[in-house]
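Here is the structure we will look at, set down as structure tokens.
The values are calculated or read from the model by the stated rules, or taken from the named source; none is laboratory data. Because the structure is predicted, anything quoted here is derived from the model rather than measured. Note that we place each Cβ from the backbone using ideal geometry, even for glycine, and neighbour counts take in every protein chain shown. The accessibility values were calculated without ligands, DNA or RNA, using every heavy atom of the protein model including side chains. Shrake-Rupley method; radii C 1.70, N 1.55, O 1.52, S 1.80 Å.
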Protein chains: 2
Amino acid sequence: MASKHWSELAAAKRAQLSNSIPQEWVLRNLPPKETLTVIDFPEKSGLLTEREIEITHSEVSALLDKLAKGVWSAVEVTTAFGKRAVNCLTELFIDRALKRAAELDEHLKTTGTVVGPLHGLPVSLKDQLSIKGIESTIGYTSYIGKYATKSAVLVDILEAAGAVLYVKTNVPQTLMWGETYNHIFRRTLNPYNRALTPGGSSGGEGALIALRGSPLGVGSDIAGSVRVPAGFNNLYGLRPSQGRVPYAGCVNTLEGQDSVLSVLGPLSSSLSGVKVFLQAVLDQKPWLKDPLVVRKPWNEEEYRLVEHGEGKRMCFAVMWHDEIVLPHPPVVRALEETKKALVAAGHKVIDWKPLKHGELNTALWTIFTTGGAQDFEAALNEFQEPLISEMYPIDGGDVDSITTGIPGHRAMPPGVSAYEAWQVQKRRRDLRQEYLEYWNATVGLTGTGRPVDAIIAPVAHCAPPPHGWNRPPVYSMIWNALDYTALAMPTGLFVDPALDPKKSPHEFLNDADKANYELYDPEVFKGAPIAIQLIGRTLEEEAVLGMAEVVGDALKRHLNLGRS
Amino acid sequence: MASKHWSELAAAKRAQLSNSIPQEWVLRNLPPKETLTVIDFPEKSGLLTEREIEITHSEVSALLDKLAKGVWSAVEVTTAFGKRAVNCLTELFIDRALKRAAELDEHLKTTGTVVGPLHGLPVSLKDQLSIKGIESTIGYTSYIGKYATKSAVLVDILEAAGAVLYVKTNVPQTLMWGETYNHIFRRTLNPYNRALTPGGSSGGEGALIALRGSPLGVGSDIAGSVRVPAGFNNLYGLRPSQGRVPYAGCVNTLEGQDSVLSVLGPLSSSLSGVKVFLQAVLDQKPWLKDPLVVRKPWNEEEYRLVEHGEGKRMCFAVMWHDEIVLPHPPVVRALEETKKALVAAGHKVIDWKPLKHGELNTALWTIFTTGGAQDFEAALNEFQEPLISEMYPIDGGDVDSITTGIPGHRAMPPGVSAYEAWQVQKRRRDLRQEYLEYWNATVGLTGTGRPVDAIIAPVAHCAPPPHGWNRPPVYSMIWNALDYTALAMPTGLFVDPALDPKKSPHEFLNDADKANYELYDPEVFKGAPIAIQLIGRTLEEEAVLGMAEVVGDALKRHLNLGRS
């Protein structure tokens, strides 16, 4: 039986992480609490050399190129990113990483060839990804001390591709929150403004990559957990369809719930990072390593948009809101600028009217809760660790304080019978069918002879909000409900009180809509990055990446013209 | 509320079906009950012309060729198969079919082109496949009178490909039996021997196609329901992986159970029929019509066995038994002959040792039963129709009698909680992972540099047994548990008391094994067809068809040599 209190175990684990940071990398000049924006702190800390700053600011494709040519060694690249990796971690194994990096450098020196498409690239991992010999606590004190006996399939694939694994990153307890707080590692903050949330549940990844402590990371997404932290930290984040990226061997919650699967996806500061990741994974035929992976190799034709008019004169549909929660003014501005950019680039842009999003989102949440409470209890009971039932700090000021509830209280209703779960799952299936036919029917509106090529929508109803306020995740989970490919992407825009004033109240759609309206204060959100979401069909990852390039290029050209 | 007794409704529905048979096609000279083999009865009945006999004996590829060239019209082909379609039906709509056939003939005459790859081909459908305006009773009296308001996606696809739909075929009540009996249409028999079962749940398809009342049919398979009736009726029957063939819009039981999905698959007397079906379906991009279909077009490279040494010197593994039920002597003989044939053709054949089949099969059955009892009750309650709890006739002689139980009695345990279901589903997922690694590990045994190319196994533990004796379906459902591509194929062998004597008792593995041993009597099974099963990996339909050609050719050559 449990002999220790959960809080002792959590403190010991924190100390262990702290001790794993090399002494010479420990920062003594941390910014004071009042300094909210820390996005450029690593550069200014004096810890990094000029060369290390250059390395950590390079795009994934540039890094890989320099690594392959031996301009930069894997050891120095790993060291540079390792030094920057702070605050968002659950596990740091820099010795193991530097050993691996040295092996890769030796291989390149001896053979003149790279071991794979990710040769020497440091890749950060959400805590769920098991690495043999390392813990995956995923924010549960009862998981401390459970060392993985086997690596996750994706970990093996990344290592075979030449990646250097060096850190695992923080998550919220239960993984079912769009923010990042647990009793072991506490709260992860948004480096653009520490009073704001980095999102979640892959919030450690989001913050780490934004700080350039990692060039490429892996998160998981069952309701937005890759896309929300990507969007909130000015990154690209892909939610692939179920069965595209191998999940086998990861630690998870709600396991055995086979209806709506969590998926793994990449986060990166560049689109090239996302693409390189997906290609590297698919090149290794993951369907021969994980039975849930679909036998579909990288399809270059789909990436070149052969089914989307070769990327010329496409038709996008903008979903301005989902009829549940109206997004804040900065989010609407981002959509408006994207529309202008695409029209200027010769594409057509029409409106996307949501179809039964409320019912679909409710079905999804109901599926999660059919056995969710018992699932959480099973992990919390050993040490009577309290379930975290809210994500906001108690006094609104201390970023590390939080309310905790009683196990099973508030966050999840009690479970239902398997037969009752089947009825919800059946309804969701029928709604998916209806949505597909609805999308197909847009063929009459596009002028391209095809249905809408992709949907453009908010990632969330707001830019990153203050801690505790990121709910409900209706704009992200809807695409999980439909199993569509969805990519969060930065727009290059940030909240600006001059451009994004608060509007006068509208007729509120419901309590959540009212709360969200009241939440907006331009001064609070000032400087926060604003993202959009690009949504394609199921298993259309290649085409979504191809279209994201089109959208990104159009936005860049449009915004630069506006400035000149 | 229900005002009629379920048996009255069933009788009325039978009368309706009977009346839908054109008077001039009604046979007056039915064979007496003592005549067990009726496989050649249609020819001898005098109902068919010489030309109609020739048509109905043609392979699918030959039929399509003659239809495309206008040698035979769609109307005469439909008429020929329509005349033969007796005994196994639930719905006959020959007027609609002949109208459609005439339109197709007109199209060919006018334009000189076919409307699609199935131009003019009559295709029979298991009762589950909804056709607008027609009932899908699937053996429940409470479903009588529910006319479909929309056709299933696959029905639309088949019609767009040029198929002529003309009949729907019989199933067992609940669909969860490997035989074919319900209160409405009663029992379907095996035309090779009417004392034997045609299998199930697609038993109507199996019997109909064996009688050449259809050249190609569609069944469904969640535990063997395509492969068992295919194997028991000397046909090819494919169980594709989940998500290959669109299921949307079909009527089903256990709906909303998302963990192990029933799949649709073709049955045909020729392998060309199976291939033509799959190609025709995939050519229409079914992933744009059913959200559960995988975006994977027909892959000609995979069919040409590029990943399997171009089909030369492959390595097959024979699973002689599953460590649960030892198959009867004729089944073992079929495996032995297949092995000899493959070795003679230059392939290597090793043994396949089953891995935890008992645990996997139990997991699967447990998943079905988590909400199964409530599901059946919901369909039976309206008219207090009894649940059929056994498939054997009461007195062992009257093929149309059967025992019926109380609703909810015997066939299904009560349901469990969603959380308990998750635990079983999680265990199954882990076993799938284990099985994949187990298959991969055969790379050291094959001598090809690849893991085993395909597994060869029994379709069932016996050739078609007497009514009521086809259980448990362990040899078929194991591949549903693993979601592997599995094809039932005829061997050209039939039970022969001289070659297949009963053996002396072995040490029985369990009660089911003992019961199966005791069941075997060479005289009872005499003349029954013996099938084998060819199993490839998930979503490897093309390669399985390619390898089936190799196996079929090898068997044909081997058996002909043996006879010469």
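For the range B:226-235, indicate whether the set of residues that are free of Cβ contacts under 8 Å to residues at least 60 places away in the same chain and not assigned by the TED database to the domain that holds B:L482 is non-empty. Checking the range B:226-235: at least one residue is free of Cβ contacts under 8 Å to residues at least 60 places away in the same chain and not assigned by the TED database to the domain that holds B:L482. A:D351 meets the conditions (1) at pLDDT below 95; (2) open to solvent by 10 Å² or more (accessible area, probe 1.4 Å) in every case but one. The failed one is (1). Confirm whether B:T197 is touching a Cys at 6+ places or on another chain (Cβ under 7 Å) and hydroxyl-bearing (S, T, Y). When the stated conditions are applied, B:T197 does not pass them. Among the residues of the range B:14-33, those that are out of contact with any Asp or Glu (no Cβ under 8 Å at 6 or more places or on another chain), closer than 20 Å to B:F93 by Cβ and assigned to a loop (DSSP other than H, G, I, E, B) comprise B:I21, B:P22, B:V26, B:L27. Checking A:P451, A:P473, A:P501 one by one, the residue that is more than 14 Å from every other protein chain (Cβ to nearest Cβ) and farther than 25 Å from A:M391 by Cα is A:P501 and no other. Cβ separations smaller than 8 Å between residues 6+ apart or across chains give the following pairs from the range A:439-461 residues that are over 16 Å from B:W287 (Cβ atoms) to residues that are of a type in the set (D, E) and surrounded by fewer than 24 Cβ atoms within 10 Å (Cβ to Cβ): A:A457/A:D322.
For B:G70, the test of being exposed (fewer than 14 other Cβ atoms within 10 Å of the Cβ) and not in a helix (DSSP H, G or I) is failed. Within the range A:1-32, restricting attention to residues that are without any contact (Cβ under 8 Å) to a residue 40 or more places away in the chain and closer than 30 Å to A:F494 by Cα, the residue that is most open to solvent (accessible area, probe 1.4 Å) is A:L30.
Counting the residues of the range A:525-555 that are of a type in the set (S, T, Y) and within 16 Å of the chain's Cα centre (by Cα) gives 0.
Table: residues versus (1) β-branched (V, I, T); (2) in contact with a helix residue (DSSP H, G or I) (Cβ under 8 Å, 6 or more places away or on another chain); (3) outside the structural domain of A:P464 (by the TED database); (4) more than 30 Å from A:Y520 (Cβ to Cβ).
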| position | (1), (2), (3), (4) |
| --- | --- |
| A:I134 | yes, no, yes, yes |
| A:G139 | no, no, yes, no |
| A:K146 | no, no, yes, yes |
| A:V153 | yes, yes, yes, yes |
| A:A161 | no, yes, yes, yes |
| A:V167 | yes, yes, yes, yes |
| A:L175 | no, no, yes, no |
| A:L196 | no, yes, yes, no |
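Of all residues in the range B:211-227, which are touching a Phe, Trp or Tyr at 6+ places or on another chain (Cβ under 9 Å) and among the hydrophobic types (A, V, I, L, M, F, W, C)? Across the range B:211-227, the qualifying residues are B:L211, B:L216, B:V218, B:I222, B:A223.
Scan the range B:538-557 for residues that are in contact with a Ser or Thr (Cβ under 7 Å, 6 or more places away or on another chain) and within 15 Å of B:R239 (Cβ to Cβ) and the total you get is 5. Within the set A:G82, A:G70, A:G46, the sole residue that is assigned by the TED database to the domain that holds A:S201 and either touching a strand residue (DSSP E or B) at 6+ places or on another chain (Cβ under 6 Å) or under 27 Å from A:Y181 (Cα atoms) (or both) turns out to be A:G82.
Of A:G405, A:G372, all but one fail to be open to solvent by less than 20 Å² (accessible area, probe 1.4 Å), at pLDDT below 95 and away from chain B (no Cβ under 14 Å); the exception is A:G405.
If you go through the range A:91-115 and pick out every residue that is in contact (Cβ under 8 Å) with a residue 12 or more places away in the chain and of a type outside the set (F, W, Y), you end up with 15. Which of the residues belonging to the range B:56-67 are surrounded by 15 or more Cβ atoms within 10 Å (Cβ to Cβ) and under 15 Å from B:L211 (Cβ atoms)? Matches in the range B:56-67: B:T56, B:S58. Within the range A:332-390, being touching a strand residue (DSSP E or B) at 6+ places or on another chain (Cβ under 7 Å) and of a type in the set (D, E) holds for A:E337, A:D351. Of all the numbered requirements in (1) open to solvent by 10 Å² or more (accessible area, probe 1.4 Å); (2) at pLDDT 95 or above; (3) within 29 Å of A:Y181 (Cβ to Cβ), A:R471 misses one, and that requirement is (2). Scanning the range A:64-116 for residues that are out of contact with any Asp or Glu (no Cβ under 8 Å at 6 or more places or on another chain) and hydroxyl-bearing (S, T, Y) yields A:T78, A:T110, A:T111, A:T113.
Test B:A11 against the criterion of being among the aliphatic types (A, V, I, L, M), within 19 Å of B:K146 (Cα to Cα) and not in a loop (DSSP other than H, G, I, E, B), and give yes or no. So B:A11 fits the description; yes.
The helices (runs of 4 or more DSSP H) found wholly in the range A:251-347 and carrying at least 3 residues that are over 30 Å from A:Y143 (Cα atoms), away from chain B (no Cβ under 14 Å) and open to solvent by less than 30 Å² (accessible area, probe 1.4 Å) occupy A:271-283, A:329-344. All of (1) in contact with a strand residue (DSSP E or B) (Cβ under 8 Å, 6 or more places away or on another chain); (2) within 17 Å of B:G372 (Cβ to Cβ) hold for B:A457 with one exception: (2). In the range A:418-430, of all residues being open to solvent by less than 30 Å² (accessible area, probe 1.4 Å) and of a type outside the set (A, V, I, L, M), the one that is farthest from the other protein chains (Cβ to nearest Cβ) corresponds to A:R428. Among the residues of the range A:34-55, those that are part of a loop (DSSP other than H, G, I, E, B) and either open to solvent by less than 30 Å² (accessible area, probe 1.4 Å) or free of Cβ contacts under 8 Å to residues at least 60 places away in the same chain (or both) comprise A:E34, A:V38, A:D40, A:S45, A:G46, A:L47, A:L48, A:T49.
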